[in-house]
Amino acid sequence: MGAGFGALALPLARTLEQVTALEPAPAMVAALRRAAAEAGLTNVRVVEAAWGERPLAAHDVVVCAHVGPLLRRGSAFVAGLSRLARRAVVLVHDTAGGDDKFFFSELYPRLLGRTYTRSCGDTRAVEAVRALGVHPAVTPIAYRSDQPFASLEEACEFWMTYMRLEGEGPRAYLREYLRGRLRREPGGWLAPFRKRAVVIAWHV
């Protein structure tokens with residue numbers, strides 16, 4: 001759930017028989033499909049949708065990383081995990097101490113006129129799981145979550161989608177802003193991010 005550009009889906013696909021990657025942002029879907037093709041991975045099924053928009057069959061393992069709204073107590077996603085997962089569930093939830101997610105602390109006031117509130121309630125995510133009668137293993141981790149883009153326009157489209165922006169004005173601002181914040185790499189651009197998170201896991 002929330003596969004993004006495939007930071008977890010692609011490594012899993014190198015080991016597992018089949019991976020279904022659910023991702024709502026068209027720019028990330030394109031990046032994920034391209035990365036899977038370049039890696040020669042034919043066992044990744046990419047579904048362009050948010051949780052709840054498409055019916056999903058049960059899978060052996062369900063992984064949801066950095067999609068805070070899905071992990072709230074009483075959410076339909078958390079309540080439906082027993083139906084979705086046949087063997088195990090792994091949830092990855094941001095905690096304080098990592099980089100500003102997608103530069104939102106800077107971009108929200110400039111483009112949306114409001115502050116960005118970080119959702120780092122790992123305790124609430126654990127409480128949501130325990131409310132199901134589950135006692136998961138909880139492991140803190142620190143890692144890099146660099147995000148690649150094939151072009152500056154693809155990066156702009158990603159930010160436009162995630163911030164729900166429209167029009168050429170915000171797009172032009174993002175284009176210049178990202179040109180100065182992203183790192184130019186052979187074949188594209190890279191958004192460098194460090195993250196801290198907790199892994200919440202249990203067997204079904």
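The values are calculated or read from the model by the stated rules, or taken from the named source; none is laboratory data. On a predicted model such as this, the values are computed, not experimentally measured, just so you know. Reconstructed Cβ throughout: ideal geometry from the backbone, glycine too, with neighbour counts over all protein chains shown. Ligands, DNA and RNA are stripped out before the accessible areas are found, and what is left, the full protein with its side chains, is counted by its heavy atoms. Shrake-Rupley method; radii C 1.70, N 1.55, O 1.52, S 1.80 Å.
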**Study point:** Heavy-atom accessible area order for Val138, Val90, largest first, 1.4 Å probe
**Key:** Val138, Val90
Check your understanding: Using the C-alpha atoms of the stretch 29-145, what convex hull volume per residue, in cubic angstrom, is computed?
Key -> 155
Study note, to complete from the structure: Computed over the chain: longest principal axis from alpha-carbon atoms vs helix 168-181 long axis, angle to nearest 10 degrees, is 80
Review point. Roughly speaking, what is the centre-to-centre gap between the stretch 182-204 and the stretch 43-98 when only Cα atoms are used, to the nearest Å?
Key: 17
Point to revise | Max mean-square fluctuation residue, GNM over the chain, Cα-Cα springs under 10 Å, options His66, His135, His93 | key: His135
Review point. How much of the accessible area of the chain, in percent, comes from carbon and sulfur atoms when a 1.4 Å probe is used?
Key: 52
Revision key, fill the gap. Note to self: with every protein chain in place and a 1.4 Å probe, the stretch 113-204 gives an accessible area per residue in Å² of 58
Review point. How big, in percent, is the set of alpha carbon pairs in the stretch 100-177 lying more than 15 Å apart?
Key: 67
Check your understanding: How big is the convex hull of the Cα atoms of the stretch 1-70, per residue, in Å³?
Key -> 83
Revision key, fill the gap. The answer for the net charge of residues other than Leu41 whose Cβ lies under 14 angstrom from its Cβ, with Lys and Arg +1 and Asp and Glu -1, is +2
Exercise for review: Using just the helices of the chain, give the 222 nm mean residue ellipticity in deg cm²/dmol: DSSP H runs with n ≥ 4 each add -39,500 (n - 2.57), and the total is spread over all residues, rounded to 500.
Suggested key: -8500 deg cm²/dmol
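Assuming 1.306 mPa s and 10 °C, estimate D for the stretch 138-178 with Stokes-Einstein, Rh taken as the Kirkwood radius over Cα pairs, in µm²/s.
The estimated diffusion coefficient comes to 135 µm²/s.
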